[in-house]
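S.K.: Structure incoming, see below.
Read the figures in this text as sums done on the coordinates, not as results from a lab. Keep in mind that this is a model prediction, so the values were computed, not measured. Heads up, the Cβs are rebuilt from the backbone with ideal geometry, glycines too, and the neighbour counts pull from every protein chain shown.
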Amino acid sequence: MKVEENIPLAPYTTFHIGGPARYFTHIQTVEELREALAFAKKKELRVFVLGGGSNILIDDAGFDGLVLKIELGGVEIKKEGEHAVVVAGAGEHWDALVERAVTEGLWGVENLSGIPGLVGGAVVQNIGAYGQALSESLEWIEALDTHSGEVVRFSNKECAFDYRDSFFKHDAGRHAVLRAALKLSTEPKPNLSYQDLKTRFTLSRVEGFADASLNLGAIREAVLDIRRGKFPDLSVEGTAGSFFKNPILSKVEAKKLQERYPELPLFDMPETSGVKVPLAWFLDARHGVFNIQTMRVGGARLFEKQPLVIVAQKKSSSAGVQRLAHEVQKQIKEKIGIDIEPEVRILQK
Ligand SMILES: Cc1cc2nc3c(=O)[nH]c(=O)nc-3n(C[C@H](O)[C@H](O)[C@H](O)COP(=O)(O)OP(=O)(O)OC[C@H]3O[C@@H](n4cnc5c(N)ncnc54)[C@H](O)[C@@H]3O)c2cc1C
């Protein structure tokens, strides 16, 4: 294990901003992870587990501890009748894994095509998109308990998944995810619950998407195509995707909100018995609630095509993004009366 010093973190994130890590090391084996933790303990350093850096914002001052860049690889696929269990290292690229599943004819993660980041980060965040969530296909994960040094297995239930949430987001970095097992189906199980996808495949037969082409590859291509129109080009501007979580309200609170804004769509969340309020609806200029053109700080702004997404110009500051995020939270609270929280993890010095 080689520990480097004062390594710029911006290139390791999709925001492309923020300061350096005091110490930094690449982790390719569990043994390297244990050695790195021993190093941190000896020097009394805080530790940060870094995946693909697509859901974090690094402070301009950087991070004063040890960054562990997870590069644990390996993919195994075991087909058993109508199912297959896919075990992947936490350092595998999530979208490459989805592509592999699609090529192998395995259903369950195709709507999660095109999400940046690595397998470990996907578990921590319980990624979701287009009506699918990782928690629906996750069987178990293995993690290193950074206190005891033991490898521990968590069942799906023990991961305590929720909307963009898991047990690992609340354990103060105690567990580093090492690998994850997904249970996928060899039987077709298209999930067209999301309106954009439904429209492409069933309602309108435009662009050559007819029912007949409802196969894994076509669904993946459709998702990738829809996503291209919704996110900025990462080679031009930085972002970490949706900066805020959509608020989950009780049915009573959501109804009251809908009385004030009759056009506001609401989405039942059966697993929480709450109702998801699409924050982007309020930020959409067509609904006249906010003018996002005025919500700009330095080189940071809300993305026109998807206003939950904060984008930052190259060389802009992390402080600007954080100020903009606070401003959005403040204005939503003042005007709509609800508290919103970031989905993106802000790493402070
Ligand atoms: C353009 C764009 C589009 C996006 N679209 C979506 C979307 O549609 N749906 C969605 O859900 N998300 C989306 N995201 C957010 C992001 O891609 C996901 O949350 C992704 O899973 C984060 O993975 P990562 O490896 O980059 O994690 P990182 O950003 O590196 O880390 C995120 C958090 O997870 C922790 N972590 C990472 N790896 C491990 C590990 N092995 N063990 C323990 N903790 C770990 C980190 O410490 C940190 O707290 C998008 C982001 C971008 C930039």
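S.K.: Say R0 is 56 Å: what FRET efficiency, to the nearest 0.05, do A319 and E104 get from their beta-carbon distance?
M.R.: The calculated FRET efficiency here is 0.80.
S.K.: If you take the square roots of the eigenvalues of the alpha-carbon gyration tensor of the chain and sort them as a ≥ b ≥ c, do you get rounded (a/c under 1.5), prolate (a/b over b/c) or oblate?
M.R.: oblate
S.K.: Hey, another quick one. Please report, in debye to the nearest 20, how large the charge dipole of the chain is about its Cα centre when each Lys and Arg carries +1 at its beta carbon and each Asp and Glu carries -1 there.
M.R.: Taking the Cα centre of the chain as origin, the dipole is about 940 debye.
S.K.: Let me ask something else. At a threshold of 8 angstrom on Cα-Cα distance, excluding pairs fewer than six apart, so keeping six or more, what relative contact order does the chain reach in percent?
M.R.: About 17 percent, as a whole number.
S.K.: Follow-up question, since we're still on this one. Over the stretch 75-185, how many percent of alpha carbon pairs lie in each 5 Å bin up to the one with the longest distance?
M.R.: 2, 13, 25, 27, 18, 10, 4, 1
S.K.: On a full-extension model of 0.36 nm per residue, what is the gain between I77 and K41, subtracting their alpha-carbon distance, rounded to one decimal in nm?
M.R.: Value of the extension gain: 9.3 nm.
S.K.: Can you put K42, K335 in order, fewest other beta carbons within 10 Å first?
M.R.: Ascending Cβ contact count within 10 Å gives the list K42, K335.
S.K.: Dipole magnitude of the stretch 1-135 about its Cα centre, charges +1 at Lys/Arg Cβ and -1 at Asp/Glu Cβ only, in debye to the nearest 20?
M.R.: Dipole of the stretch 1-135, to the nearest 20 debye: 380 debye.
S.K.: In whole percent, what relative contact order does the stretch 260-329 give with Cα contacts below 8 Å and a gap of six or more residues?
M.R.: This gives 20 percent for the stretch 260-329.
S.K.: For the pairs K69/K349; K230/K251; K183/K230; K157/K230, flag any whose C-alpha to C-alpha distance is greater than 22 Å.
M.R.: Cα-Cα > 22 Å for K230/K251; K183/K230; K157/K230; rest within.
S.K.: Run the numbers for T186 and K198: contour at 0.36 nm per residue of separation, minus the present Cα-Cα distance, in nm.
M.R.: Full extension of this stretch gives 2.1 nm more.
S.K.: Take V275, V236, V289 and order them by how many other Cβ atoms sit within 10 Å, fewest up front.
M.R.: Lowest count first: V236, V289, V275.
S.K.: Obtain the nm distance between the two label points defined at K333 and M269 by a simple spin-label model: each point lies 7 Å from its Cα along the Cα-to-C-beta direction.
M.R.: Distance between the two pseudo-spin positions: 2.0 nm.
S.K.: Additional query: Before rounding to the nearest 500, sum -39500 (n - 2.57) across all DSSP H runs of length at least 4 in the chain and divide by the residue total; then give [θ] at 222 nm in deg cm²/dmol.
M.R.: That calculation yields -7000 deg cm²/dmol at 222 nm.
S.K.: Moving on. Could you tell me which of V297, N111, G217 has its Cα farthest along the dipole of the chain towards the positive end, charges placed at Cβ (Lys, Arg +1; Asp, Glu -1), taken about the Cα centre?
M.R.: The residue sitting farthest along the positive end of the dipole is V297.
S.K.: Continuing with the same structure: From Cα pairs below 8 angstrom and at least 6 apart in sequence, can you work out the relative contact order of the stretch 4-70, rounded to a whole percent?
M.R.: Across the stretch 4-70, relative contact order equals 44 percent.
S.K.: Related question: If you take the square roots of the eigenvalues of the alpha-carbon gyration tensor of the stretch 237-347 and sort them as a ≥ b ≥ c, do you get rounded (a/c under 1.5), prolate (a/b over b/c) or oblate?
M.R.: It is prolate, given that a/c is not under 1.5 and a/b is the larger ratio.
S.K.: Still on this structure, I have one more. With the cut-off at 1.5 for a/c, could you classify the stretch 4-70 from its C-alpha gyration tensor as rounded, prolate or oblate?
M.R.: Here the stretch 4-70 falls in the oblate category.
S.K.: On to the next question. For the chain, return all DSSP H helices satisfying: extent of Cα atoms along own axis at least 15 Å; mean Kyte-Doolittle hydropathy at least -1.0.
M.R.: The answer, listed by residue number, is 30-43, 216-228, 318-336.
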